[in-house]
Amino acid sequence: MIGSRCVQRGLRILLAGILASAQAAAEEVLVGDFSSARAGSGLPAGWRVAKLPGVAASRFQLVELEGSTVLQMDADGGAATLYRPVRIDPSGTPVLRWRWRVENLIRGADLTRKQGDDLPARLYIMFDYPLDRLSLIERGKILLARSVAGELVPAAALCYVWDGRLPTGTRLWNAYSDRVRVVVAESGSNRLGQWVAEERDVAADFRAAFGEDPPPISGVAVAVDTDQTGEKARSW
């Protein structure tokens, strides 16, 4: 992201505040600093892997790439999510910054269909949205999904993706849930194999998706999945 060599070549996920004045320093919340760890060590404290029942799991490991430790994500006909519970007020720290790098796109991916809902890289921001604000039908869907996949299923989330087909800036609902807003942050093959820096205003993106101010952020997650297409994908 910004600053040190390990950040320039590694991966950080950071939420930052807005400057109140020219003299004020922005508050920053460092959610993921994988490059400060040692390659080959276990995943950093606080991060957990969530798997799907009956689905081969994606692999998450810390590796050395170009002299820095980075998080490598691999899927071979499988899926899983690496997530960290957090508690962050997006009204004070709405700016999300991260770097990612994708090795290959998924040929059979199509985010408009459940059968094509595969991606080489996703970054989720999950919100602590009260279930009592949902309709009975929506609440029932969320509770049913949680009974199968666990509490990681959000009542409201933003999902930033690197897609191979849809143009950058495209917004659509997840093929499985209209409580997850997908935003195409990067698209196509022009920058495959390169570190790409991203920045998003998650508070503004939440308002655009759900029509209201965002509740507290409850979790951050990264994922790679190819369980629908059976292909292979690698990203960092």
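The values are calculated or read from the model by the stated rules, or taken from the named source; none is laboratory data. What you see is a predicted model; the values in this text were computed from it and never measured. Because the Cβ atoms are built from the backbone with ideal geometry, glycine has one as well, and the counts that use them run over all protein chains shown. These area figures cover heavy atoms from the full protein model, side chains too; ligands, DNA and RNA do not enter into them. Shrake-Rupley method; radii C 1.70, N 1.55, O 1.52, S 1.80 Å.
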*Residues being open to solvent by 90 Å² or more (accessible area, probe 1.4 Å) and over 23 Å from THR69 (Cβ atoms): count how many of those fall in the stretch 39-53.*
1
*asked:* Restricting to the stretch 164-200, count the residues that are modelled with pLDDT of 95 or more, acidic (Asp, Glu) and either open to solvent by 20 Å² or more (accessible area, probe 1.4 Å) or part of a loop (DSSP other than H, G, I, E, B) (or both).
replied: 2
*Please find, among ARG146, ARG107, ARG139, the residue that is on the phi < 0 side of the Ramachandran plot, in contact (Cβ under 8 Å) with a residue 12 or more places away in the chain and open to solvent by 40 Å² or more (accessible area, probe 1.4 Å).*
ARG107
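From the list GLY169, GLY140, which residue is over 19 Å from the mean Cα position of the chain (by Cα) and not aromatic (Phe, Trp, Tyr)? Give the steps one after another, and end with the answer.
Details: GLY169 fails: over 19 Å from the mean Cα position of the chain (by Cα).
The conditions single out GLY140.
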*Would you check if ASP205 is in a loop (DSSP other than H, G, I, E, B) and at pLDDT 95 or above?*
no
*asked:* within 20 Å of LYS114 (Cβ to Cβ) and out of contact with any Asp or Glu (no Cβ under 9 Å at 6 or more places or on another chain): which single residue out of VAL180, VAL161 fits that description?
replied: VAL180
*asked:* Looking at the stretch 64-80 only, could you name the residues that are open to solvent by 30 Å² or more (accessible area, probe 1.4 Å) and either in contact with a Phe, Trp or Tyr (Cβ under 7 Å, 6 or more places away or on another chain) or not in a loop (DSSP other than H, G, I, E, B) (or both)?
replied: GLU64, LEU65, ASP76
*Every residue from the stretch 132-163 that is modelled with pLDDT under 80 and touching a Phe, Trp or Tyr at 6+ places or on another chain (Cβ under 7 Å)*: LEU152
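Of the residues ARG84, ARG107, ARG97, ARG122, only one is in contact with a Leu (Cβ under 6 Å, 6 or more places away or on another chain) and among the charged types (D, E, K, R); which?
Of ARG84, ARG107, ARG97, ARG122, the one residue that is in contact with a Leu (Cβ under 6 Å, 6 or more places away or on another chain) and among the charged types (D, E, K, R) is ARG97.
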*Quickly run through the stretch 110-132 and pick out the residues that are surrounded by 13 or more Cβ atoms within 10 Å (Cβ to Cβ) and outside any loop (DSSP other than H, G, I, E, B).*
GLY116, LEU119, PRO120, ALA121, ARG122, LEU123, TYR124, ILE125, MET126, PHE127
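Quick one: would you say ASP118 is over 13 Å from the mean Cα position of the chain (by Cα) and under 17 Å from THR229 (Cα atoms)?
Working: over 13 Å from the mean Cα position of the chain (by Cα): yes; under 17 Å from THR229 (Cα atoms): yes.
Spelling it out, ASP118 is indeed over 13 Å from the mean Cα position of the chain (by Cα) and under 17 Å from THR229 (Cα atoms).
Can you tell me which residues in the stretch 202-220 are closer than 18 Å to LEU82 by Cβ and either in contact with a Leu (Cβ under 6 Å, 6 or more places away or on another chain) or buried (at least 23 other Cβ atoms within 10 Å of the Cβ) (or both)?
The initial filter retains those residues of the stretch 202-220 that are closer than 18 Å to LEU82 by Cβ, namely 217-220.
Within the stretch 202-220, ILE217, VAL220 qualify.
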